[in-house]
Each structure stands twice: as C-alpha cells, then as structure tokens.
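Encoded as structure tokens, here's the structure I'll be asking about.
Every number in this text was worked out from the coordinates using simple rules, so none of it is lab data. All of these numbers come straight from a predicted model, not from anything done at the bench. Counting neighbours? That spans all protein chains shown, and the Cβs are built from the backbone with ideal geometry, glycine included.
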Amino acid sequence: MFRLVVADLRRNALGALAIVLIVAFAAALGVAVTLQERALRLGSARAATAFPLVVGAAGSETQLMLSAVFLQPAPLGLVPGRVLSSLAADPRVAWAAPVGFGDFVEDYPIVGTTQALVDGLGGLRDGRAFARLDEAVAGAAVALRPGDRFHPLHGQASTGGHMHGETTYEVVGRLAPTGTPWDRAVLVPVEAVWRTHGLEAHEDEAHEGEQHEGEQHEGEQHTDEAHASGAPGAAQAPDPQAAIDPARVTAAGAPGVPAIVVKPRSIADAYKLRQEWRTDTTLALFPAEVLTRLYATLGDARRVLSAVAIGAQALVAAAILLVILLHVGQRRRQIGALRAFGAPRPAVFAVVWMEGFALLGLGLLAGVGLGYGAARLIAARLEAQSGVALPVLFTRDDLTPLLVLAGATAVLAAVPALLAYRQSPAAALRG
Amino acid sequence: MPALAVEALEVRFPGLATPALAIAHLTVESGARLGLTGPSGSGKTTLVNLVTGLERAGRGRLAWDGTDIARLSEGRRDRWRAANVGLVMQDFHLFDGLSARDNVLLPLRLSRLSLPAGAGAEADRLLARVGIERRDQKVETLSRGQKQRVAVARALIARPGILVADEPTASLDAEAGATVASLLLELATEAKATLIVASHDPRLLERLDRVVRLEAGRIRETGG
Ligand SMILES: Nc1ncnc2c1ncn2[C@@H]1O[C@H](COP(=O)(O)OP(=O)(O)OP(=O)(O)O)[C@@H](O)[C@H]1O
Ligand SMILES: [Mg+2]
C-alpha cells in the first residue's frame, strides 16, 4: 500500500511538491506571526524588567518608558537635580542613576549616566568604567573597542546630525551583554553630557533629542546662556579631561536629567517610591507595567494580525482541497480500477487518505520549520537594529493548535478519500 | 469452476427508453469459454459489469454457483469479486510507477495486510508464463502488448474461478492481439477457470467454445 502511495506521489512529484510548498508557506505564515509576536513581547518585557522603576518629568508615561528602556530618542522634560539627590540618599533605594541622552556616535545612542548604572546593567566584560569626563563605556553590541576615540554627534548619523567637534571620548571599557537596547548604547559620564550641551545648572528645561536636526548649534547657545546666567549651584564647565565627581551629580543643585533609573531595595519599597514620586512635576513608573498596558492597547492589532494569518491559511486550505479534488478526479479511473481488480473499498480510502495526509502533513511540518526559521531571521535583524534580545521559542501552548491543525489535516485528507471510496468502479473503468 | 445462471435480467439507464440489457435466460457451464459479441452499444460491457459484480442488476437473477450476486451488498460484491473474478480490460488499467511484478501483486497487497505465502513466486511464475522477462520494469515503459500480458498475469494472481475480459485485444495490433488471445485461452484452461470474453475480434471469437451475439441489449443468436 505504501509502495502505491509512494509511486503515485512520485509520478506527480511536481504537483505534490507544489502542494507541500503552498501548505508550508501558509503554515509558516501563522507560525512566524505567532512566534514573532511572542518574541517581541517576551524580549521587550525582559528589557523592561531590567529597570524596576523609572522617574522622569511629568509627561507621557509611554514616552518615558520608551526612552529609558528602549533608548528611543524623544524630547523629554527634565527632572530637577534635587530629585536625583533625594533618591540617591533614600534608604529604600539600592541605586539610582541619571539617564541623559540626545547624542549619538554613528547610530549608537550616547547615554550620560553614572557608575551605578554601569553596575546595574551587569557590569563590564572588559576594560574599566569611565573615570574622567572624556571616557566612555561601550555596550556589548557597539562596534567600538577600548582605545577607540569618537566625537559625539548631535542626532543620528543616518539622519544627518551635526558633530560636537569640540568633544572627544575615549572608549575605556565594554559592558557585558544584557539582551536589551542598552547593548547598543555608549555610556559616558552624565557630567560630560551636561558639559557638551552647556547644561550646567538649567532646571526644567526641555532637553530635545534628535529633534535638533537642522537647527543651528543649539548646544552652543545653551552654553552661552549657562555662562551668561551664572545660575546658582553651577560650576564653571570643567576641563574635559577632569576626573568625574559622583558627589557633583547627586548634589541638590545639579542640572536636570530626562530620566532617573531606580533600583528599589524591595517590592514594597518600589511601590512606595512610585507613589511618592508621582507628583505634579514628576512621573514615576514601572516600565514593565507600562509595557503591559501598551501591549493590551495593541491587543486588537495583534488579533487582526493573527486573523489575517488564519484567513490566509483557510484560503490555502480551500485551494489545496480543490487541487486534491481535481487530482483525485483525474485518478478516478485508476482508483476505481483498483477496486475492480480486487482492492477492498477501505484500502482505496486508505490509499487516497494517506496521500493527502502525507502531502498536507509534510507541508505542515515544513511550515513549522520554515516559520521558526523566518521568525529567527526577523528576530535576528530586529535584534541587530534595536539590541533587544528576541527569544523565538515554542511553548506548551503551541501544542494544542498544532494538534488541532494536524486533526484538521486528517479531516481534510478524508474528503478526497471519501470521494474515491464512493467512486463506482464500473464508471471508473469506462473512463 | 463456477457456473453462471442468468434469469430475467434487465438493466435500464436513465435517459434510455429501452433497457440497455434485457436477458431472459442465459447459462454458462462451469469451465466453459464464452464469447460475447455485437455492435457497439449493444450492451456487452454492461453485461460484463453485471457478471463481475461491478454493477448491480436492476431486476432479475444473476447467480454464480447459486450465489446471486445481484443481491449482495457492495462490500460483499467487492469481496466476492476479489476472491472469484480475474478481469482484463481493453485499456489495461495498470498502475504507472510500479513494476510489472508489483502491478501483478497489487490486488493482493491491497486486500490484506501481508502477502500470502507463495504469492511472490506465483507472480513470478505467471509473469514468466505470459512472457514478461523484466519483472522489475516499470509498467509505463512496457509496450502495449506487454502491458496486456501483465494485466492477464494480474487477473490470475488470486487464482480466480472466473476469468472475464472486455475487448482484451481491441487496442493491440494483430500479432500482439493473437498472443494475448492465446494466453487467455491457455491460462483459463490451465487454471480451470470459466472464461467470458467480450470482443469484436473474429480471430479471438472463433477460438471460443460458444459465442453469444447481443443486439440492442438482447440476445440475438448463440453460435459456436
Ligand atoms: N451509466 C450509464 N448511463 C447511461 N447509459 C449507459 C450507461 N452505461 C451504458 N450505457 C448505455 O448502455 C448501452 C450499452 O453500453 P455498453 O457499454 O454495454 O455497450 P458495448 O456493447 O460494450 O459497446 P462497445 O462495443 O462500444 O464497447 C449504450 O447505449 C450506452 O450508452
Ligand atoms: Mg464495451
């Protein structure tokens, strides 16, 4: 019986291959959508949980989360320096670090921060942390090695930012991989960012990200203002080669920062801190929670996406059924003949069913593999772009739909088998 | 060697005013070699389908050794045919992609889980008997005469008591047709099977014991 099935499939090798491929692509579409969606969700959730609590200026929670966790450039209000100084002194806080952005080296965001964040991100893989204003630590996925020097660029290279030619950093260390967008970040002392942008003592001033493109030397203007105003608590812009001074960063009169990353000592502390820093002027949030809410909002879009995939699969199933019916129609004589020459009816059913199931099943298996491969490929590309590690994986929940699909395949294959079963052998012999 | 008894058989097809076949009485003795002839459309194939149980008679009785196959269910007719009838058709109905030997064994393979003991040897013997030397040759590469000879071997693999052929030589040239005709006659005799052949071929018909001529579904004359 198997010999017959194999011989028949081989005789129609091209058609069989076409069916397998079509089924495979349809299945792959569904598998890839499912896996990719899951990878994005898990990957971004992991990235978000790296930072338990983020404090920023009052504004959009989503934007603050996207900027702090995913390093998405955007104009954010600044939190006054006293917020960081008070957080740093809070006994419920394990560590708190400022996050200041706006500049790039090539397409890697430069983030001004402190030693606390370097440790908080998991420490260094090689080299050492920055000790001077002109030193930098590169993320694991940044194409810079210790010893490399660069000028920060205001705005991304790919969108034509302008160079802060007067500042030069030297890479002195590299972070261990974190699987978050921070792998693509270059960390520098936050004081250096202030210096570059002339933010020596400006509070409550919008720090505009790459939106600066095209505008002329915003930074320099700030510098002038800073110098001119001589605001209280501001030191003169220090020598670019000066050593960093952590105390200066956490001083009450220190310049503002767009966001502060906080690691509370306990979960209870985290909730209390979030409560306390939700004020008129500041915003405190759990990035993971904001992300979950964002996903809930996008839930409908996700459902649409999977509905499209299911619709495509249903169409393919219908097309395949048609092809199989035509195929059986062509073979009616042969199949009917089998019965005339002594094959029992159930054997005729079995032969046709096995052929159909083999084709569809093979397509399904290939599709799962193909979909997995496609999801891996897409994930790899997205990872390279965003730095977010996207885990493409099957879960136990996938088993049920796969079994249902296999069952549907068995039923689908039974349709032509039933037709062959009902085929009159006399009519078949007449051709 | 079953004998056939047909009584008051009538077959009508929708759209035909007169019955396609109406046979009041026909008997075939066990081991007989009967020819069916008549113009195209006279009902030869219809009768062949009835006596092999491929189609069910609307009315009448069609009994092989007392078994009225017109009364059997479809499944039981299939089983009865598999056990008792060997069929040879005008256009071979071999399964492309399989070897000559696999084609001969196919009915047995499909009707049971494993081949009965000696089936392989019997297939080889039959193929040798019909003059097929390359048993592993794929059937689609055989000549037409060779194909029909493989079909004859297949018809005999289950050792049937009844051998039925519908125009076995019609799609062959004279020489190949003569070979197939001889094989049918000889093998039916060797297997002690009752032979029924529907044919236009006078050279085949003249070698049979008895010929029934059909016209418009009725028996016109019996000769031979
Ligand atoms: N399933 C059917 N439906 C309608 N009419 C049919 C059917 N089968 C056979 N017939 C008709 O019955 C008649 C007998 O057909 P049959 O095939 O038995 O002829 P035949 O003697 O074998 O002819 P030929 O020598 O051409 O093979 C024909 O008129 C045919 O059109
Ligand atoms: Mg005919």
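Could you work out how far the C-alpha centroid of region A:1-26 sits from that of region B:136-196, in angstrom?
Rounded to whole Å, the Cα centres lie 32 Å apart.
Now for a separate question. Mind checking the log10 I(q)/I(0) for region A:32-166 at q = 0.17 Å⁻¹? Debye, one equal scatterer per Cα, no solvent, two decimals.
After summing over all Cα pairs, the log10 values are -1.15.
For region A:126-132, take each phi angle, set θ = phi - 60°, evaluate the Karplus expression 6.51 cos²θ - 1.76 cosθ + 1.60, and give the result in whole Hz per residue in order, putting x for glycine and proline.
8, x, 9, 7, 5, 10, 10
Residues of B:151-162, mean number of Cβ from any other protein chain within 10 Å of their own Cβ, rounded to a whole number?
1
Any lysines with Cα under 26 Å of the residue A:263 Cα? List them, leaving off those in the same chain fewer than 8 positions away.
Partners within reach: A:272.
As a test of the definition: which semi-axes, in Å, follow for the protein assembly as shown when you take the square root of five times each eigenvalue of its alpha carbon gyration tensor? Largest first, please.
After scaling each eigenvalue by five and taking roots: 92, 22, 18 Å.
Relative to the longest principal axis of the C-alpha atoms of chain A, give the angle of the C-alpha long axis of helix A:267-276, reported between 0 and 90° and rounded to the nearest 10°.
For A:267-276 against chain A, the angle is about 60 degrees.
Another question about this same structure. Counting DSSP beta bridges with both partners in the protein assembly as shown, what percentage is antiparallel, nearest 5?
About 70 percent, rounded to the nearest 5.
Once phi is turned into θ = phi - 60°, what whole-Hz ³J(HN,Hα) does the Karplus curve with 6.51, -1.76 and 1.60 give for every residue of region B:208-215, x standing for Gly and Pro?
8, 5, 8, 10, 9, 9, 9, 9
Same structure again: To the nearest 20 debye, what charge dipole does region B:57-118 have about its Cα centre, counting +1 at the Cβ of each Lys and Arg and -1 at the Cβ of each Asp and Glu? Intermediate values should be presented prior to the final figure.
Working: 10 positive and 7 negative charges, 63 e Å.
Computed about the Cα centre, the dipole is about 300 debye.
Which ordering of A:271, A:169 is given by a fewest-first count of other beta-carbon atoms within 10 Å?
Exposure proxy ranking, most exposed first: A:271, A:169.
If you don't mind, another one. Quick one: which of A:45-56, B:202-213 comes out on top by average Cβ neighbours within 10 Å, and what's the full order, highest first?
A:45-56, B:202-213
Now, a different point. How large, in Å, is chain B by the Kirkwood hydrodynamic radius built from its alpha-carbon pairs?
17.8
Given springs between every Cα pair under 10 Å in a Gaussian network model of chain A, which of A:110, A:244, A:335 has the largest fluctuation?
Sorting by GNM fluctuation, first place goes to A:335.
Suppose a student asked you for the relative contact order of chain A, using Cα pairs under 8 Å spaced at least 6 residues apart; what percent would you report?
Normalised by residue count, the contact order of chain A is 28 percent.
Over chain A, with a Gaussian network built from C-alpha contacts below 10 Å, which listed residue (A:83, A:352, A:99) shows the highest mean-square fluctuation?
A:352
Cut-off is 10 Å between beta-carbons; in what order do A:403, A:175, B:9 appear when sorted fewest neighbours first?
Ranked by crowding around the Cβ, least crowded first: A:403, B:9, A:175.
Same structure, new question: Taking chain A as the reference, fit the longest principal axis to its C-alpha atoms, fit the long axis of helix A:218-229 to the helix C-alpha atoms, and give the angle between the two in degrees, 0 to 90, nearest 10.
30
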